[in-house]
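Remarks on the structure that follows.
The values are calculated or read from the model by the stated rules, or taken from the named source; none is laboratory data. Source: prediction; values computed, not measured. So basically every Cβ, Gly included, is an ideal-geometry build from the backbone, and we count neighbours across all protein chains shown.
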Amino acid sequence: MNFPIKCAIIGAAAGIVNGIFGAGGGMILVPLLSKWAGLDYKSALATSVAVILPVSVSSALVYIFGHGFDFLSAVPYALGGLLGGFIGGRVFKKVSVKWMRRIFALFVIYGGVKNLL
């Protein structure tokens, strides 16, 4: 299978997960981009961030037009997310791939445990 088709399938999987659960597309994207599509780990993380924006906007539009949405309640989270994204982007350059994998794995495990309990 060629690279663009693999990437389209990976993107579709992330979109489905993001649409159903409201988040989590990155947890699908990073492992698939690094293992199945062959991107190096930091490129997979960066690509995941770039892909999640349009995927999240698409999912948000479905929720907004289908169920209604309180925009004002999202403002503090959006502002915090912007600040956190800026800080995370700066830290990203300084952290080794070994530690990035460990940190990502901890978040995946934490999310899994929280959803099971």
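Would you please name the residue that is farthest from R101 (Cα to Cα), looking only at residues in region 18-37 that are in a helix (DSSP H, G or I) and over 13 Å from the mean Cα position of the chain (by Cα)?
The extreme case among them is I20.
Tell me which of these I5 doesn't satisfy, since it passes every other one: (1) surrounded by fewer than 12 Cβ atoms within 10 Å (Cβ to Cβ); (2) modelled with pLDDT under 85.
In the conditions (1) surrounded by fewer than 12 Cβ atoms within 10 Å (Cβ to Cβ); (2) modelled with pLDDT under 85, I5 misses (2) alone.
Per-residue answers, yes or no, for (1) loosely packed, with under 10 Cβ neighbours inside 10 Å; (2) touching a residue at least 40 places away in the same chain (Cβ under 8 Å); (3) in contact with a Gly (Cβ under 9 Å, 6 or more places away or on another chain):
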| site | (1), (2), (3) |
| --- | --- |
| V62 | no, yes, yes |
| G81 | no, no, no |
| G88 | no, no, no |
| K93 | yes, no, no |
| V97 | no, yes, no |
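For region 38-53, how many residues are buried (at least 16 other Cβ atoms within 10 Å of the Cβ), over 11 Å from the mean Cα position of the chain (by Cα) and among the small types (G, A, S)?
Total meeting the criteria: 0.
Could you tell me which numbered condition K35 fails, if it satisfies all but one of (1) without any contact (Cβ under 8 Å) to a residue 60 or more places away in the chain; (2) surrounded by 13 or more Cβ atoms within 10 Å (Cβ to Cβ); (3) within 20 Å of F3 (Cβ to Cβ); (4) not acidic (D, E)?
(2)
I'm trying to understand the selection: among the residues of region 92-102, which are assigned to a helix (DSSP H, G or I) and at pLDDT below 90?
F92, V97, M100, R101
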